[in-house]
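As structure tokens, the structure follows; a few thoughts come after it.
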Amino acid sequence: MLELQLLLIFMIIGAIIAVKEKDLLSSVIAVGTVGLGLSLVFLILKAPDLAIVQLVVEILVIIILIRATIRRDLPFSTSGRWFFNTLVTFVFIGVFLVFIYLYIKDLPQFGQPIMKIAQRFIAEGLRETGATNLVSSVILDYRAYDTLGEATILFTAVMGVLAVMRKVGRKK
Amino acid sequence: MSVYFLCLVLFSVGLYCILRKRNLIKIIIGIVIMEYAVHLFFILVGYRMNGRVPIHSPDQTVLDMVDPLPQALVLTAIVIGLAVTAMIAAIAMRVYEKYGTFDITKIRKLKG
């Protein structure tokens, strides 16, 4: 699994560049490297459906963020209470890491999942749903209400974007 | 376990970005990075060593597939993440039109 770790380190470096870069457009493009690296990681982890979806979604995220960023590129100051802000930030991250450590040490070893529910999907999925792809049999049959909720959220978000960006009827 | 640790580092970078930066676009970028880290964590938990893709094909054994359940959940979560990102970006653009800045310390007046 060396290639997995190398890709993860590449993604972390891309994320750090995206956080530290002063220029907003460069920062958005650095996020693009993180997302495309994630697409490759999904391929390595045997999830081809996710790799395809992640590729498309990443390109759309970059387009949206560039639309929000372009020609608005202001230099922003980092003055203010520098020491206090950094201290508070690291205290919060420390608290988060303590809680996540308490959780993560109970997880099964990497590469040996428990799969109590998935055993039944794997054994009976083809016979019960007729889909050879088990991921689509889960999202479209066993958990179809999840997908319905997803479509609802998607349409609500589109309506929200249209309402926020609407030009008609806005007071000058 | 080191893979979980790297995933956690990625999440912490996003958390630092949200807590420390004052630019709205930077905060959106932090949210996106945290989203990616969580999706990656779910897939890592469901991964089985030397497993194969969860698609049935006639001449293979069934028992060593990776877990299809987290993949289905993450597939839903990725699309929802796109919708949320579009929504936040639209609100940030409106805030810029109204106030002329992305700096969150300068967006404090209630303009009607």
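Odds and ends about this structure:
- Residues satisfying the criterion are absent from region B:49-70 (criterion: at pLDDT below 95, of a type in the set (S, T, Y) and assigned to a helix (DSSP H, G or I)).
- B:Y36 crowded, with 18+ Cβ neighbours inside 10 Å and either at pLDDT below 85 or facing chain A (nearest Cβ under 7 Å) (or both): yes
- Test: residue in region B:88-101 that is assigned to a loop (DSSP other than H, G, I, E, B) and closer than 20 Å to A:R67 by Cβ: yes
- Of the residues A:T132, A:T86, A:T152, the single one that is touching a strand residue (DSSP E or B) at 6+ places or on another chain (Cβ under 7 Å) and either closer than 15 Å to B:I55 by Cα or without any contact (Cβ under 8 Å) to a residue 40 or more places away in the chain (or both) is A:T132.
- Lone qualifier among B:I88, B:I29 - being at the interface with another protein chain (Cβ under 7 Å from one of its Cβ atoms), closer than 28 Å to A:G32 by Cβ and at pLDDT 90 or above: B:I29
- Qualifying residue in region A:31-51 (condition: polar (S, T, N, Q) and over 12 Å from the mean Cα position of the chain (by Cα)): yes
- Residues that are more than 7 Å from every other protein chain (Cβ to nearest Cβ), in contact with a helix residue (DSSP H, G or I) (Cβ under 6 Å, 6 or more places away or on another chain) and farther than 30 Å from A:T86 by Cα occur in region B:67-76; there is at least one.
- Hits in region A:26-35 - residues which are crowded, with 16+ Cβ neighbours inside 10 Å and more than 9 Å from every other protein chain (Cβ to nearest Cβ): A:I29, A:G32, A:T33
- Flag for A:I104 being of a type outside the set (G, A, S), within 21 Å of B:F41 (Cα to Cα) and more than 7 Å from chain B (Cβ to nearest Cβ): no
- Selection within region A:11-24: residues that are buried (at least 16 other Cβ atoms within 10 Å of the Cβ), part of a helix (DSSP H, G or I) and not small (G, A, S). The member of this set that is modelled with the lowest pLDDT is A:L24.
- Residue check, B:N23 more than 7 Å from every other protein chain (Cβ to nearest Cβ) and modelled with pLDDT under 90: no
A quick yes/no check of all residues on (1) facing another protein chain (nearest Cβ under 7 Å); (2) within 27 Å of B:I88 (Cβ to Cβ); (3) in a loop (DSSP other than H, G, I, E, B); (4) not hydrophobic (A, V, I, L, M, F, W, C):
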| position | (1), (2), (3), (4) |
| --- | --- |
| A:N85 | yes, yes, no, yes |
| A:F92 | yes, yes, no, no |
| A:V98 | no, no, no, no |
| A:Q109 | no, no, yes, yes |
| A:F121 | yes, no, no, no |
| A:G125 | no, no, no, yes |
| A:I139 | yes, yes, no, no |
| A:D146 | yes, yes, no, yes |
| A:F155 | no, yes, no, no |
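- Region B:46-66 - residue that is within 7 Å of chain A (Cβ to nearest Cβ) and among the aliphatic types (A, V, I, L, M) and, of those, surrounded by the most Cβ atoms within 10 Å (Cβ to Cβ): B:V66
The values are calculated or read from the model by the stated rules, or taken from the named source; none is laboratory data. As the structure is a computational prediction, the values presented were derived from the model and not from experiment. Cβ atoms come from the backbone with ideal geometry, glycine included; neighbour counts cover every protein chain shown.
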